[in-house]
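Q: Starting off with a structure, shown below.
Just so it is clear, none of the values below were taken in a lab; they were calculated from the coordinates. Keep in mind that this is a model prediction, so the values were computed, not measured. Cβ coordinates were reconstructed from backbone atoms using ideal geometry, including for glycine residues, and neighbour counts include every protein chain displayed.
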Amino acid sequence: MLGQKNMKIIFKDWKSGELKAQAENKDDLWVLSQIIEPGDLVKGKSTRKVKLGGSEQKVSVVKKTVNLAVEVEKTEYNADTLRVAGIVRQGPDDVPSGSYHTIEVEENTIIKITKPKWLKYQIDRVVESTKEKAAVLICIIDRGEAGFALLKPYGYEWLSEFEGDVCKKDFDEKKEPKFYEEAAAMLADYVKRYNAERVVIASPAFWKDEFMKVLKKKNPEIVKKAVLATCNTTGKEGVNEVLKRPEIKTALLEQRSATEIQFVENLMKEIGKDNAAYGLKDVKDAAEAGAVSVLLVTGKFIEKAKADGKFAAIDSIMRGVDNAKGEVVIVSSSHEGGKELDGLGGIGALLRYRVKY
């Protein structure tokens, strides 16, 4: 299996506010869900049900593909589909202008987005999604349990886990443990499947070193891609812990989730020094004072605001920070950094200077 495809830009004119792009995968759908806002014009193919047959004939219902443009009122994202709902502004004669319709954006879907103005962080997210990304696998292992995860822009995808049959006593030498060989074979399969360029191997204590001995014999090509890290737990908790470890910063340099987690960690440190703000009111005050250097907002906070019809206030803050040459970072709520930020109200800011004394 080849590496993941990237979002394809078919046409762009940032000055006129136009972008035509093809979403190649689920990561692209997530990116689009973060940049499409109420008031945008989104054009794409959609289906509508059409009744055939008159009063004296048997009526049948068929699906017809149409090209529509809707003025966005709300968006809804799940793992497979991005639904963009709004008022029809352009379409065929049999679709009344001003009616309500939903365009479903899936993998390989082409859409056109027109905005009054593209903000810098929105352009950056689109450009970033078109670049080749190095796949990074994470293997959490101890004496008899292994778990595997694939790092994603919005967090990570948990692939699998298994427990092996290992000798429970140090003096039981007659029973040769096969667990590490099985784990090595499974890791090799994932490396090939996802064309991984980096593999993070982490464990409590020295178990990663024991696993590396087997890899050097059975799969030496993986050793060249390996970065070792330490964690105190296994499973998904171990992955969350590893994403914060300094040992893997090099391996994850271009992985957005690691960057987001680092931003949140910086925020937590600066809160203790009164060099940061969190919560909608305090961040709004800081932004209006031009004091925000980095604005952090979770995707969950944005989605809830859109659903509740309260996005305008957040949008105003983001635009203000963007206009003041600050950085806007949308943080995924799926990793520990995003969950921490959600615990602070879903929005926080690193400050250029204090606004409260």
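Q: For the stretch 258-351, what does the relative contact order come out to in percent, with C-alpha contacts under 8 Å and a separation of six or more?
A: Relative contact order of the stretch 258-351: 48 percent.
Q: Related question: Once phi is turned into ³J(HN,Hα) by the Karplus curve 6.51 cos²θ - 1.76 cosθ + 1.60 with θ = phi - 60°, what whole-Hz value does each residue of the stretch 232-237 show in order, with x for glycine and proline?
A: My calculation for the stretch 232-237 gives 9, 10, 10, x, 5, 4 Hz in order.
Q: Another question, if that's okay. Going by the alpha-carbon gyration tensor, a ≥ b ≥ c the square roots of its eigenvalues, is the stretch 258-351 rounded (a/c under 1.5) or, if a/c is not under 1.5, prolate (a/b greater than b/c) versus oblate?
A: oblate
Q: For the chain, what does -39500 (n - 2.57) per DSSP helix run (n ≥ 4), summed and divided by total residues, give at 222 nm, in deg cm²/dmol to the nearest 500?
A: Dividing the helical sum by the residues of the chain leaves -9500 deg cm²/dmol.
Q: How far is helix 207-218 tilted off the main Cα axis of the chain, in degrees rounded to 10, range 0 to 90?
A: 90
Q: With the crude spin-label approximation of a point 7 Å out along Cα→Cβ, what separation in nm comes out for ASP209 versus ALA188?
A: 2.5
Q: Follow-up. Please order GLU163, GLU37 by the number of other Cβ within 10 Å, starting at the fewest.
A: Ranked by crowding around the Cβ, least crowded first: GLU163, GLU37.
Q: Which links in LYS192/LYS216; LYS236/LYS306; LYS8/LYS339; LYS45/LYS325; LYS45/LYS115 stretch past 27 Å when you go from one Cα to the other?
A: LYS236/LYS306; LYS8/LYS339; LYS45/LYS325, as the Cα separations exceed 27 Å there.
Q: If you bin every alpha carbon distance in the chain into 10 Å steps from zero, what whole percent lands in each bin?
A: 5, 21, 26, 22, 15, 8, 3, 1, 0
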